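**Q** Here it is: the structure, laid out below.
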Amino acid sequence: MDSTLVPIKIPRSQSTYDITIGRGSLAKSGAWAAQTLGRESGRRVLIVSNRKVFGLYGDTVSKSLIKAGFVVHVQLIGDGERFKDLPTLEKVLRALSENGFTRTDAVVALGGGVVGDLASFAASIHLRGIRLFQIPTTLLAMIDSSVGGKTAINSSFGKNLIGAFYQPDGVLIDIDVLQTLPRRELTAGFCEVIKQGAVSGRPLFRQAVGFVETYDPDHFRRYSGDQRFSSDLTTLVADQIRFKAKIVQNDETESPTNMTARSRKILNFGHTLAHALEKATDYKYLRHGEAVGYGLIFAARLSKRLELLGQDEVNSLNDVVHRAGGLPAISHIDQSKILESLKHDKKKIANSLHWVLLRDIGKPVIVPDTQIPRSAIASTLKTILEK
C-alpha cells in the first residue's frame, strides 16, 4: 500500500514571561496582573490557596485584584503534600467550570509548592489551558516550583507522576512574606537553595553557605527591617531563579535523551531519595524540602561510595544542610518501604532509574541505577536512617 507523508511543523508557543521580585509586591498584584494580561483578556480570576496562606495574604491580593477591575473567585485547598491529589484537583476544576471560566480568564496560585503545582495543573487542563499567575509564598516555591512550568499532582503510585509542562504568564515574588514562614518551611526552602548551589558551582554554593551562616534560619524574624538582610535575601532569590531559568531554557521539557551536566535532570539532585521518603510516609510526615535535605546527604554519600566525590565535599554538604535547620528524624521509617518507593520514581528512563550524583560542587553527573550496586544504595540508606 502506497503512503503519503505530509510533514506538519507547529512552532512551540513562546515560553517567555517575567518574574518580578520586590518588597510589598502583593499590594500591587492587581495592577501587575492587569498589565500582564492586557486589555483583550478576561476579567475573572480564581485564587487557589490554602486557608492559612489566604488568611495571611488573601485579603491584600483580593482587594488589589478587585481594584484593578477583576471579578475574584476563591478556591481553598488543604494544607500539605497529601492534598496535591486528584480529588483536590477536581474541586479546583469544578470551581473553574461552575463559574464559567473561559480561556482568557486566569488562575492565580497563591501559596507554596503544593498550591502552585496543583493550581497550575488545573489551569493547564481546563479548556486545554487558561491564563496562569504564580504568587509563591514560600522560599522553596519562589526558587523552584514557580519557575520552569512543571505542574503535577501525586497519586497512590508515585509523586508528581500526573502532570504537564505549562508556563505561567507571570510570577510575582514578595520577599516580605518570608518573615511569616514557620521555621520548618524556611529549612525546607534553604535545602533547595543548597541543592541548586551544589549543582550550579562554587559561586552559588558559597553564596548559599554564606547566607545561612550569616542569617540563622532558626531566628529569621530578628532580621526584619534590616536593609542589608533584605538586600541579601533579594539577591539570593534572584540568583537562584536565574540559575534555574538558564537550565530550563536549555531543556524546558527535560528531554529523556539529554544526559549532560546542563540537563534539566540535574535539578533532581537529592530528589530521588526525597520522593521515596515522601511516598513511604504517605506525604504526611516530611515537608518536601526537608526530604530533599536528606536526599542531598544521601546522594553525596552515595557519590563518595562510588568514588566520584571527595570526603571534604561530603562534609561540606552535610554541614550546610544541618545549618539550614534541624530535620525531622527518619530512623523509624521502614527501609524496605523506601526501597520499594524508589521503583515508582518519575525519573526512570527505559525502565532504569537515573540518579543525579556529584563529581564535585558544580559537576553533577547522571548515573543509571544499572551502574550502581544495589548493596551500595541499601548500605548508604542504612547510614542515613541510623543518623
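**Q** Only one residue in Lys346, Lys387, Lys304 is at pLDDT below 95 and within 18 Å of Lys195 (Cβ to Cβ). Which one?
**A** Working: Lys387 fails: within 18 Å of Lys195 (Cβ to Cβ); Lys304 fails: at pLDDT below 95.
Exactly one residue qualifies, and that residue is Lys346.
**Q** Are any of the residues in the range 153-164 charged (D, E, K, R) and in a helix (DSSP H, G or I)? Let's see the steps before the verdict.
**A** First, pick out the residues of the range 153-164 that are charged (D, E, K, R): 159.
From the residues that got through so far, the ones that are in a helix (DSSP H, G or I) too are none.
No, the range 153-164 has no match at all.
**Q** Okay, next question. Please go through the range 279-300 and give me each residue that is of a type in the set (D, E, K, R) and surrounded by fewer than 22 Cβ atoms within 10 Å (Cβ to Cβ), ordered by number. Steps first, please.
**A** Here is the first cut: in the range 279-300, the residues of a type in the set (D, E, K, R) are 279, 282, 284, 287, 290.
Hits for the range 279-300 are Asp282, Lys284.
**Q** Inside the range 179-209, can you point out the residues that are under 20 Å from Glu290 (Cα atoms) and surrounded by fewer than 17 Cβ atoms within 10 Å (Cβ to Cβ)?
**A** Gln179, Thr180, Pro182, Arg183
**Q** Given the criterion part of a helix (DSSP H, G or I), at pLDDT 90 or above and either surrounded by fewer than 23 Cβ atoms within 10 Å (Cβ to Cβ) or not assigned by TED's automatic domain parsing to the domain that holds Phe121 (or both), identify the matching residue among Asp144, Asp176.
**A** Details: Asp144 fails: either surrounded by fewer than 23 Cβ atoms within 10 Å (Cβ to Cβ) or not assigned by TED's automatic domain parsing to the domain that holds Phe121 (or both).
From the options Asp144, Asp176, the qualifying one is Asp176.
**Q** Determine which member of the set Ile377, Ile366, Ile372 is under 15 Å from Ala299 (Cα atoms), surrounded by 14 or more Cβ atoms within 10 Å (Cβ to Cβ) and under 21 Å from the mean Cα position of the chain (by Cα). Give the derivation first.
**A** Values: Ile377 fails: under 21 Å from the mean Cα position of the chain (by Cα); Ile372 fails: under 21 Å from the mean Cα position of the chain (by Cα).
The conditions single out Ile366.
**Q** Please find, among Val107, Val72, Val115, the residue that is touching a helix residue (DSSP H, G or I) at 6+ places or on another chain (Cβ under 6 Å), among the β-branched types (Val, Ile, Thr) and crowded, with 24+ Cβ neighbours inside 10 Å. Can you show your working first?
**A** Values: Val72 fails: crowded, with 24+ Cβ neighbours inside 10 Å; Val115 fails: touching a helix residue (DSSP H, G or I) at 6+ places or on another chain (Cβ under 6 Å).
None of the other options fit; the residue is Val107.
**Q** Sticking with this structure for a sec: If I go through the range 86-102 residue by residue, how many of them are crowded, with 18+ Cβ neighbours inside 10 Å and either among the aliphatic types (A, V, I, L, M) or at pLDDT below 95 (or both)?
**A** 4
**Q** Further, regarding this structure: Taking Ser124 as meeting all but one of (1) touching a strand residue (DSSP E or B) at 6+ places or on another chain (Cβ under 6 Å); (2) buried (at least 24 other Cβ atoms within 10 Å of the Cβ); (3) part of a helix (DSSP H, G or I), write down the number of the exception.
**A** So Ser124 meets the others, but not (2).
The values are calculated or read from the model by the stated rules, or taken from the named source; none is laboratory data. Values in this document were obtained by computation on a predicted structure and should not be read as measured data. Ideal geometry is used to build each Cβ from the backbone, glycine not excepted, and the neighbour counts take in all protein chains shown.
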